[in-house]
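Report on one structure; see the data block that follows.
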Amino acid sequence: MKKKFNNLPDINGHFDQYGGMFVSETLIYPLKELLKAYKKIAKSSNFKELLDSELSSYVGRPTPIYYAERISKELGKSHIYLKREDLNHTGAHKINNAMGQVLLAKQMGKTRIIAETGAGQHGVATATACAKYNLQCIVYMGEEDIQRQKINVYRMKLLGAEVVPVSSGSKTLKDALNEALRDWVSNVDNTHYVIGSVAGPHPYPMIVRDFQSVIGYESKKQMKTLYNKEADILVACVGGGSNAIGLFHPYLNDKVKIFGVEAGGYGLSTGMHAAPLNKGKPGVLHGNRTYIMEDKDGQIQTTHSISAGLDYPGVGPEHSWLKDNKRVKYVSVTDKEALKAFYYLTEKEGIIPALETAHALAYAFKIAKKEKNKNILINLSGRGDKDIDTIAKMSRMDL
Ligand SMILES: *Cc1c(COP(=O)(O)O)cnc(C)c1O
């Protein structure tokens, strides 16, 4: 029998050796309560109908698939299609998950929402959903990231969220995640924790994947109805891995090649990157077992990427499983390659992508130069407005 790739996690949240619930005893209860509520509420047809209608009238779904004809012709003999998650309300795929989880929390009777954020995209998406559904919102954010992402901090405040600076560790995303988990332990009664990627303990990697899978389901339909074609190759960038699994999951049992693109930073050999699937090894981080970047003493390594959204030393456990089972190929792209792709798409198609997304683009462009007559579908996970400052500060001569 042919192996199935879409039937995990098991009831304990395992993707074979990956995933699970590596948390303190006090968190087991709320996680189980969340799992129960998820199965009962989120799987009901009432909830699905409500979420679908909110995604359509408020978020702007379905997002289009755009055939990038000009760059397709210039790069070679393949066809490049872009799934336009950048056109979602708040500018990226993050809102798909934030809307789903906040709506679930509301129906669970929670009154207080907490979240972690790195670049601020997930914080903004969560604060947006909380404003809409009238829920208190607290966002944990590393002090370092608060400095780097001032506009998003201000956006969250405008939306009524409280942004709590985190000064522990490297003062970035992984520390914010630790702090949010700590808050949750002491406030589980009235609080739901909205994790922003397919990371964390079970059932989060499954819940976030399910909410993001709308990307892949829409894509399958749209490639047929809009273009009468099937995708041959899928490409998405991988930070925690939520936009990637959202596109990939509905396709896992199909005959399609799949590439996940990690942040190669200054290059894999320099150690200054964020590519745990390429260079890390299995370990435990933020409540699950997965590929992580750690030094020989078991300490989490500092990561580097030009894109804050990919700058994370772990990755969702399902990706670890897909890597080991060779269903998805995980590659990497350096800062410089991503920047070149950023300029290329901007100038040739009039679409300014997020720097995270530029990693997927860079790798897809390499494929397009080699392959003939292939339909390459890229998840355009977000728009580049948030990165304009970073880009403006850099000299293009260095590329
Ligand atoms: C946050 C973010 C990512 C990385 O997160 P994933 O969970 O890996 O999807 C990628 N692209 C954009 C635009 C983001 O905002």
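Coordinate-derived values only; no laboratory data. Just so it is clear, the structure is predicted and the values come from calculations on it, not from any experiment. Cβ sites come from the backbone with ideal geometry, for glycine too, and all protein chains shown count toward neighbours.
Would you mind checking 106/221; 110/171; 257/366 for any pair whose Cα atoms are more than 19 angstrom apart?
Details: 106/221 31 Å; 110/171 28 Å; 257/366 15 Å.
Going by Cα-Cα distance, 106/221; 110/171 fall outside the 19 Å limit.
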_Long-range tail of P(r) for the stretch 139-193 (Cα pairs > 13 Å, %)_ = 58 percent
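Taking all pairs of distinct Cα atoms, average 1/r, flip it, and tell me the Kirkwood hydrodynamic radius of the stretch 1-158 in Å to one decimal place. Don't skip to the answer; put the middle values down first.
Details: mean 1/r = 0.0542 Å⁻¹.
The answer is 18.5 Å.
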_Nitroxide proxy distance, nm - points 7 Å out along Cα→Cβ at residue 143 and residue 17_ = 3.9 nm
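Multiplying the sequence separation of residue 348 and residue 385 by 0.36 nm and subtracting their Cα-Cα distance, what value in nm do you get? Write out the running numbers ahead of the final one.
Working: separation 37, 0.36 × 37 = 13.32 nm, distance 1.74 nm.
Here the answer is 11.6 nm.
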*Once fully extended, how much extra length lies between residue 329 and residue 73, figured as 0.36 nm per residue of separation less the alpha-carbon to alpha-carbon distance?*
89.6 nm
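Could you sort the peptides 35-43, 179-187 by per-residue average Cβ neighbour count (10 Å cutoff), highest mean leading? Numbers along the way, then the final one.
Details: 35-43: 15.1, 179-187: 17.7.
Top of the packing list down: 179-187, 35-43.
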*If you take the beta carbon distance between residue 167 and residue 132 as r and set R0 to 30 Å, what does 1/(1 + (r/R0)^6) give as a FRET efficiency, to the nearest 0.05?*
0.45
*Largest first and to the nearest Å, give the Cα extent of the chain along each principal axis.*
57, 45, 43
*Take the Cα radius of gyration of the stretch 1-41 and divide it by 2.2 N^0.38 Å, with N its residue count; two decimals is plenty.*
1.41
*Residues of type aspartates and glutamates that residue 2 reaches as a straight line, Cα spacing below 14 Å, ignoring anything fewer than 8 places off in the same chain*: 254
*Specify which residue in the list 76, 316, 358 is farthest towards the positive end of the charge dipole of the chain, using unit charges on the beta carbon of Lys, Arg (+1) and Asp, Glu (-1), about the Cα centre.*
76
*Just the ratio, please: alpha-carbon radius of gyration of the stretch 316-399 over 2.2 N^0.38 Å, N its number of residues.*
1.21
*asked:* Please compare each pair in 39/281; 150/323; 348/374; 40/281; 336/386; 224/329 to a cut-off of 28 Å on the Cα-Cα distance and tell me which ones are over it.
replied: 39/281; 150/323; 40/281
*Could you state the per residue volume, in Å³, of the convex hull enclosing the Cα atoms of the stretch 271-334?*
85 Å³
*Over the chain, calculate the relative contact order: mean separation of alpha carbon pairs under 8 Å at least 6 apart, over the residue count, as a percent.*
20 percent
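With each run of n ≥ 4 DSSP H residues scored as -39500 (n - 2.57), what mean residue ellipticity at 222 nm is computed for the chain after dividing by its residue count and rounding to the nearest 500 deg cm²/dmol? Walk me through the numbers on the way to the answer.
Numbers: 16 runs with 166 residues, N = 399.
The helix-only estimate for the chain comes to -12500 deg cm²/dmol at 222 nm.
Sort 233-241, 112-120, 294-302 by the packing proxy (mean of other Cβ within 10 Å over each peptide's residues), most packed first. Mind dumping the intermediate values first?
Working: 233-241: 29.6, 112-120: 27.1, 294-302: 11.8.
My ranking of the peptides, most packed first, is 233-241, 112-120, 294-302.
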*asked:* Over the Cα atoms, compute the radius of gyration (one decimal) and Dmax (the largest Cα-Cα distance, rounded to a whole number) for the stretch 235-368, in Å.
replied: 14.4, 47
_Dipole of the stretch 261-399 [Lys/Arg +1, Asp/Glu -1 at C-beta], most positive-end residue of 267, 378, 304_ = 378
*Distance in nm between label sites at residue 33 and residue 52, each 7 Å beyond Cα in the beta-carbon direction?*
3.1 nm
*Roughly how big is the stretch 33-146's charge dipole about its Cα centre, with Cβ charges of +1 (Lys, Arg) and -1 (Asp, Glu), in debye to the nearest 20?*
560 debye
*Which angle between 0 and 90 degrees, to the nearest 10, do you get for helix 335-349 versus the longest principal axis of the chain when only C-alpha atoms count?*
70 degrees
*Counting alpha carbon pairs within less than 8 Å and at least 6 residues apart, what relative contact order, in whole percent, applies to the stretch 240-283?*
23 percent
*asked:* Which of the three applies to the stretch 173-327, rounded, prolate or oblate, going by the alpha-carbon gyration tensor with a ≥ b ≥ c and a/c under 1.5 meaning rounded?
replied: oblate
